[in-house]
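Data first, discussion second: the structure below is written as structure tokens.
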Amino acid sequence: MVSRIQVAVDAPQHAGMGDVLDYESEHVLAPGTLVLVPLGRRVVPGVVWDESPASEGDAALHELRPVHEALQSLPPLPASWCALVAFAARYYQRSLGELALAVLPPELRKLDDAGLLKRLRKLEKQLGVAPVDDAPKAKRRRKSEAAEPLGERAVTPAAPPAPQRPALTPEQAQVLGVLLPTCTGQAAPACHLLHGVTGSGKTEVYLRAAEAALDAGRQALVLVPEINLTPQLEARFAQRFPGRRMVSLHSGLTPVQRLANWLAAHLGHADLVLGTRLAIFCPLPRLGLIVVDEEHDPSYKQQDGARYSARDLAVYRGKQDGATVLLGSATPSLESWQHAQTGRYQRLTMAERVGQGALPMVRVIDMREQPKPPAGHEVPPLSPPLLAAVQQRIASGEQSLLFLNRRGFAPVLTCGACGWKSGCPHCSAWRVFHKLDRTLRCHHCGYTERVPKACPDCGNLDIQPLGRGTERLEEQVATMLQGVERPGGGSARVARIDADTTRLKGTLEQQLAAVHDGDVDVLVGTQMVTKGHDFRRVTLVAAVNPDSALFTADFRAPERLFATLMQAAGRAGRDAEAAERSEMYVQTWNPGHAIFAALSSQDFASFAQSQLREREMAGLPPFSHLALLRCEAREASVAEAFLRAARDLARGLLSEPHEAEVMFYAPVPPHVAKVAGFERRQMLVEAASRAALQRLLAQWSPLLPSLRGGHKGLARWAIDVDPLGI
Ligand code: ADP
Ligand code: ZN
Ligand code: ZN
């Protein structure tokens, strides 16, 4: 019998036609089955969907095109996966098929059933598990066939030695007393916010929670904000769970490895999945726990395509799948903090560092009071008190970490004679001077040129760097420390870690190892070095120039800076024995700023309270809900006209009594208005309730394509729901 099925495909939406299309099939195909279907002249991958809007024009069955092939060797994606994808597509205003296909491993989208079957057989062999279709045979397999490492860190079931578990601190024990029953199914699943200061042992809590979930026969998903943090976390989990199968999912894997890991999770062979934001869409049939480490981190929000928040989707998914959600941070996002205040999330607190180590003493250096450099000279990067503190660490064989959130040598080159600056011809931004390869590089569009020998405008040979990035800081610090001896002899060693020094695979690991091994005395770096690393010998951390973050238009800037500084502070004094000597220096021209007082007292709760009060008065999230309509065009006027037309359209949709529920702001240029030759403009949409905003967006976004015709030259537009920066 021939039947009609609905398939989600990644097709550009046509007016009146969704991206869930009807096909005919000779077999009944379960929802979630992967299929290949004809679309125009191509054959494209799709997912059989059950929940879909009724298709336009009830085409007779014989008019439908047949499914090309069903990938029946793969068990259908579970209903909970389909529900998550449908929710995310609806909430973030993307088409269902686009999102469904985008969150599958790219390699999977290329395979037919025969190709997939090959991969599955290979995987089963690697994992030493029974084939899905062939279970009895597997039991007769010889042992030697089994167990071949999968990816970087597969753990095969053997008879492992029992891992060492530390005795819990009283705070950990208390937290776990609440948490564990919700991971095993003894108590109802819940969403917990673990507020634990850096070094309070949050990872141990994650490990114990995962252990409980695994022991109850369930799977655990652990999300981290950055790929860089996966290796060390993987190592800790692998050590703790030698008998369990663990896979990682992030964009740094080869496509083949990523598919294999995804399959291991989907088939239920992997007990633990560790990954970055994209892992939130990994199908997990026995999901019992989702951990979101550093839940405040902006990297959980995807910044192009479907702009989803993996943190927020984790909360949705937990509810949907009956899994416990554990959001952990030393500086929770104000959204999560507010949810904990209102009782929507359960707050768990760990205020003490393990081993009684204190958080470092914070010293705010008033740069206005430092000695003035001679005329024509720059202010040196390290003030006298900070320099003295670094020298003292070197003398006692301890390490210092100098943090500056700007890479490259200098943010701009300039000509003193005519005022020329190294602007990017395609963007409204300066090109950064990178000294090592003597290039000017645009960090927005990538446009790179050799540094000119002379000023392009006036021919002056003396063009100068203005300002300072990590590359220059490293050089200047090395100069300032020349002749400073280490206790064992030899001069102080300065190293740098940032996106430029770690471009090649494996270099970050090498550089981190050098720091851990004590081969570095002073480490210079961007935010990359402040995240998560457990440096045992660092007793001094300094924020060299955090001020730029104080004066941006973004209402989240103070929250972000506070989180970054607290996290940086957390790198110092992790060794209990050195904790009391550990210090954090902050160099600022604005020592009176409230953020530094909050940092000095390391009191997140009162900082959060004052920020929330300000947000409430200003009607900002979490007390309102935002969306941005962004667009790009060669001409600014086209972009602005499109946004105004979109606004008029939206206002027409708001009938009484809902008129006042949603507010529209004027179109404005974002922080960097022109990128790669396109003018960017954005319009903020604000509503007091999430439901009102969602109601409007659902009506509005399908109508936007109809505006395109009236705005020739419009390149693209997108809606960003819950934008991070405005
Ligand atoms: P956080 O993630 O909260 O910053 P970590 O989980 O990195 O803190 O823990 C800090 C240090 O304390 C780590 O070296 C960890 O191994 C150690 N640690 C954690 N819990 C315990 C415990 N119960 N007993 C002894 N050491 C612990
Ligand atoms: Zn010049
Ligand atoms: Zn550019």
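The values are calculated or read from the model by the stated rules, or taken from the named source; none is laboratory data. Computed from a predicted structure; not experimentally measured. Every residue, glycine as well, gets a Cβ built from its backbone with ideal geometry; the counts of neighbours run over all protein chains shown. Surface areas here come from the heavy atoms of the whole protein model, side chains and all, with no ligands, DNA or RNA. Shrake-Rupley method; radii C 1.70, N 1.55, O 1.52, S 1.80 Å.
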Checklist entry - Want the number for Glu378 to Val672: 0.36 nm per residue separation, take away the alpha-carbon distance, what's left? => result 103.1 nm
Checklist entry - Taking all protein chains as present, what is the carbon and sulfur share of the accessible area of the chain, in % to the nearest whole number, probe 1.4 Å? => result 53 percent
Checklist outcome for this item: In Å, the Kirkwood hydrodynamic radius from C-alpha pairs for the chain sits at 28.3 Å
Checklist outcome for this item: If each part is reduced to its alpha-carbon centroid, the range 630-671 and the range 683-702 end up apart, in Å, by 12 Å
Item to check | the chain: angle of helix 470-480 to the longest principal axis, Cα-based, in degrees nearest 10 | outcome: 20 degrees
Item to check | Extension gain from Ala553 to Gln609, taking 0.36 nm per residue of separation minus the Cα-Cα distance | outcome: 18.1 nm
Checklist entry - Between the range 286-301 and the range 350-429, what's the alpha-carbon centroid distance in Å? => result 32 Å
Item to check | Packing-based order for 320-328, 378-386, using average beta carbon neighbours within 10 Å, highest first | outcome: 320-328, 378-386
Checklist entry - Which whole-number value in Å³ per residue fits the convex hull of the alpha carbons of the range 411-466? => result 73 Å³
Checklist entry - Once you charge only the Cβ atoms, +1 for Lys and Arg and -1 for Asp and Glu, what is the size of the charge dipole of the chain about its Cα centre, to the nearest 20 debye? => result 1160 debye
Checklist entry - Counting DSSP beta bridges in the chain, what percent are antiparallel, to the nearest 5? => result 50 percent
Item to check | Estimated FRET transfer efficiency when R0 is 56 angstrom, pair Arg581-Ala636 (beta carbons, to 0.05) | outcome: 0.55
Checklist outcome for this item: Taking R0 as 35 Å and r as the Cβ-Cβ distance between Ala187 and Ala30, the FRET efficiency 1/(1 + (r/R0)^6), rounded to the nearest 0.05, comes to 0.60
Checklist entry - With the other protein chains left in place, how much accessible area per residue, in square angstrom, belongs to the chain at a 1.4 angstrom probe? => result 44 Å²
Item to check | Estimated [θ] at 222 nm from DSSP helical runs (n ≥ 4, -39500 (n - 2.57)) normalised by residues in the chain, nearest 500 | outcome: -9000 deg cm²/dmol
Next on the checklist: Longer than 21 Å from Cα to Cα, which of Lys319/Lys531; Lys202/Lys319; Lys674/Lys712; Lys372/Lys435 are they? Say none if no pair is.
Outcome noted: Lys319/Lys531; Lys202/Lys319; Lys372/Lys435
